[in-house]
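A short write-up of the structure that comes next.
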Amino acid sequence: MKKKICLFMALLMLSAGMSGCSSESGNSEYISESSVESLQEESMPGEESSVLSDDKFSEVSAGKAEISEISEISEIAEDSVTSEPSKKESSAKSEDSKTSSTVSKAEREPSKSVSEISVSETTSVAPSESSKENSKESSKETSKATSRETSTEVSKTTSKAESSSTVSKEPLKEPEPSREPSKVQEVSMTEPEKPTVNQNDNDIGGIELYNELFNTANRVTVNISLDKSEIDKLQADYQKYTARDDNKKSDIYRMATVTFKVGSKSYTLEEVGIRLKGNQSMEPFYDKSGKPNMCSFKLSFDEAFDDKDDYGTSAKVWKDEEARKARKKRKFATLNEMDIKWNISYDNSNIREIYATKLFEAANVLVQKINLSQMIVNGNNYGLVKIYEPIDKTFLEKRLPESAIGGDLYKCMWSECDSNGNRTGWWKGATYKLNNSYGIQDNPNGKKYNFNLKTNKKTSKHESLKNFLNVINKSNISKSDLEKVLDVDYYASFMAAEYFAGDPDDIRNNYNNHYIYFRKDNGKAIFIVYDNDRTLGITYGLNKNCAERNPYSSYAATQGEQENPLIKNTISHNPLSSLAYIRDKYAEKLSVLSKTPMLTSDADFNKMYNTAKNNYESIITPYTRFANQEQNFKFSLDGNKNGGDKSNMSFEQFRSAIMATYAKSTP
């Protein structure tokens with residue numbers, strides 16, 4: 001009996017022991033610390049452990065980890081509650097994970113001609129060929145699980161083309177590199193190949209980035225890196241041309257690396273062309289004492305640097321013709337070029353030119369996009385500048401129907417040349433009189449015309465412009481003749497918007513700063529707004545208060561009696577009787593525009609200003625006082641300056657004054 005009892009007890013103990021083993025087996029949802037250590041030990045060499053490391057944990061707790069890393073952590077946490085695999089299974093899965101999360105350098109780097117972009121996105125990457133060497137059964141069983149459970153991370157490299165920069169808030173410090181991984185094109189899981197760049201005709205970012213770049217809600221940074229040798233060349237270019245003759249300047253681009261940061265995304269482009277920009281406002285990179293000047297620049301994204309006339313023995317030799325063609329097609333956010341200008345008119349709000357563009361858009365008038373940006377040059381904070389969309393064929397293609405594209409585009413400005421390019425010794429603006437000059441601008445030789453042709457340079461004979469000038473200079477213009485060469489409705493809208501913008505340096509007041517375009521489909525002229533840095537009360541350097549000028553005045557603010565025959569014969573107090581209907585149309589456009597919220601209150605202006613202030617207030621003060629800077633910038637709504645002929649009004653003062661003037665005006 002005792003033997004039976006002992007045997008029964010032994011059986012009970014044996015059963016209990018098996019149950020205890022089951023509770024601690026790999027089927028349990030709980031993993032002990034020793035089990036975690038075991039998993040870490042079993043990870044393959046060179047592979048990130050699927051357990052959260054101390055470094056990554058500290059980054060997450062400090063709020064520094066990228067979204068993609070946090071996603072990895074979430075997936076790891078879910079995986080960590082699964083059963084502990086055997087060493088053999090763990091090794092097999094680790095090998096699959098390793099091969100699927102590793103990409104060779106050749107696979108990660110797009111071809112150089114279109115690789116100058118670093119985008120803050122995470123992408124999935126195809127497994128390498130080595131994963132195919134695993135057993136077929138293991139591949140079949142684990143391929144889906146691997147692609148679902150394994151999180152891949154692109155290795156960080158030191159390549160300039162794959163790095164991105166963040167804004168340095170401290171002056172005199174190099175911008176810190178971004179933590180955002182480089183963009184890699186997704187490749188087929190079944191046929192891994194060298195990735196191709198996901199761009200359309202080498203247009204980096206395309207129209208989507210264009211919209212983000214010129215969205216005033218986004219903070220933008222332009223970070224320019226120049227070797228000293230390239231700066232010396234910019235300085236020498238200035239000395240060779242501008243210092244010798246102020247009507248000449250260099251068209252030669254020097255080489256820079258430029259990183260744009262738009263919101264949270266960064267884009268780095270190598271070998272970007274850069275040159276000094278400006279007419280009377282152009283300054284050298286350094287003054288005679290070696291102190292830096294605040295400069296305006298033009299960037300070229302498609303410069304090949306291989307013109308021997310410009311670069312001589314240092315001209316770039318392209319060994320790959322396809323790469324050269326790709327460079328010549330390269331665009332950034334749909335743009336071939338970009339202008340960067342500093343606040344030369346001392347607008348203390350920094351936004352009036354941008355606000356004016358919104359006013360022109362409200363009037364359905366063609367106008368370039370403008371936005372604010374911080375500018376960093378070789379690690380130094382240059383403060384706040386404006387970036388500009390150029391007015392060119394691409395500009396027109398965004399705004400006009402295809403049938404209208406292909407006509408002659410002219411930039412209209414002051415010149416002392418006749419139409420043969422000869423210097424006359426006296427300057428005149430684009431008055432639209434018959435003695436105005438036209439041609440193709442040649443900066444190095446000082447050939448600038450009242451009408452500088454920008455398109456069709458090899459084919460145009462200027463027929464459209466000459467016909468237009470002949471019609472509007474007739475002593476008695478007929479309605480039918482004028483409407484054959486001018487889009488009358490558009491013209492009325494354009495002039496109404498110009499009036500409320502109050503620019504003393506425009507088509508009406510100084511015969512300057514606009515473009516004229518002749519549509520391909522109907523040959524009619526339309527006008528395009530340009531360079532309105534003296535709008536809405538900013539009259540710096542001109543001392544002409546357009547806010548007190550009658551909208552039907554027959555005078556030009558800076559020139560006295562109006563010379564432009566088109567304006568004289570259409571909207572002045574004494575227009576030609578045959579064209580009086582255009583003045584009535586102009587009056588209607590003025591009335592409609594005067595009722596827009598942009599002019600009836602300061603609310604929209606203050607909203608834009610506050611957005612700009614939130615984005616840029618911390619960097620508004622440059623790292624130094626520049627040699628050509630007359631006073632420290634003050635980022636505020638107070639636009640008043642004391643005394644002299646350089647007096648600016650605040651926006652509120654200007655708006656109140658021009659609305660009062662308009663209210664008591666009569667056609």
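The values are calculated or read from the model by the stated rules, or taken from the named source; none is laboratory data. Remember, predicted model here, so these are calculated numbers, not experimental data. Counting neighbours? That spans all protein chains shown, and the Cβs are built from the backbone with ideal geometry, glycine included. Heavy atoms of the whole protein, side chains included, go into the accessibility calculation; ligands, DNA and RNA do not. Shrake-Rupley method; radii C 1.70, N 1.55, O 1.52, S 1.80 Å.
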Rank-order 605-616, 250-261, 323-334 by packing density, defined as the average count of other C-beta atoms within 10 Å over each peptide's residues, highest first.
-> 250-261, 323-334, 605-616
What's the FRET efficiency of S480 with D521 using the Cβ-Cβ distance as r and R₀ = 22 Å, to the nearest 0.05?
-> 0.75
In whole percent, how big is the carbon plus sulfur part of the accessible area of segment 583-627, probe 1.4 Å, protein atoms only?
-> 47 percent
On the protein heavy atoms, probe 1.4 angstrom, tell me the percent of accessible surface of segment 203-260 carried by carbon and sulfur.
-> 45 percent
Could you point to the residue in Q280, A315, G263 farthest towards the positive end of segment 242-352's charge dipole, with +1 and -1 charges on the Cβ of Lys/Arg and Asp/Glu respectively?
-> G263
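Roll a 1.4 Å probe over the protein chains and send me the accessible area per residue for segment 263-416 in Å². Numbers along the way, then the final one.
Numbers: 5320 Å² over 154 residues.
That works out to 35 Å² per residue.
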Sequence ranges 418-429, 309-320, ranked by mean other-Cβ count within 10 angstrom, highest first | 418-429, 309-320
Dipole magnitude of segment 368-426 about its Cα centre, charges +1 at Lys/Arg Cβ and -1 at Asp/Glu Cβ only, in debye to the nearest 20?
-> 240 debye
Could you tell me whether segment 421-483 comes out rounded, prolate or oblate from its Cα gyration tensor? Rule is a ≥ b ≥ c as square roots of the eigenvalues, rounded for a/c under 1.5, then prolate if a/b exceeds b/c, otherwise oblate.
-> oblate
If you take the Cα Rg of segment 297-444 and divide it by 2.2 N^0.38 Å, with N the number of residues, what do you get?
-> 1.30
Given unit charges at Cβ for Lys, Arg (+) and Asp, Glu (-), the dipole magnitude of segment 392-548 about its Cα centre in debye, nearest 20, is 520 debye
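Using +1 on the beta carbon of Lys and Arg, -1 on that of Asp and Glu, and nothing else charged, what's the dipole of segment 449-515 about the Cα centre, debye to 20?
500 debye
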For segment 356-420, the accessible surface attributable to carbon and sulfur atoms (probe 1.4 angstrom, ligands and nucleic acids excluded) amounts in percent to 44 percent
Cα centroid distance between segment 247-297 and segment 360-424, in Å?
-> 17 Å
For each pair in K277/K479; K248/K316; K261/K458; K233/K386; K328/K634; K233/K607, compute the distance between the two Cα atoms and list the pairs where it is over 31 Å.
-> K277/K479; K261/K458; K328/K634; K233/K607
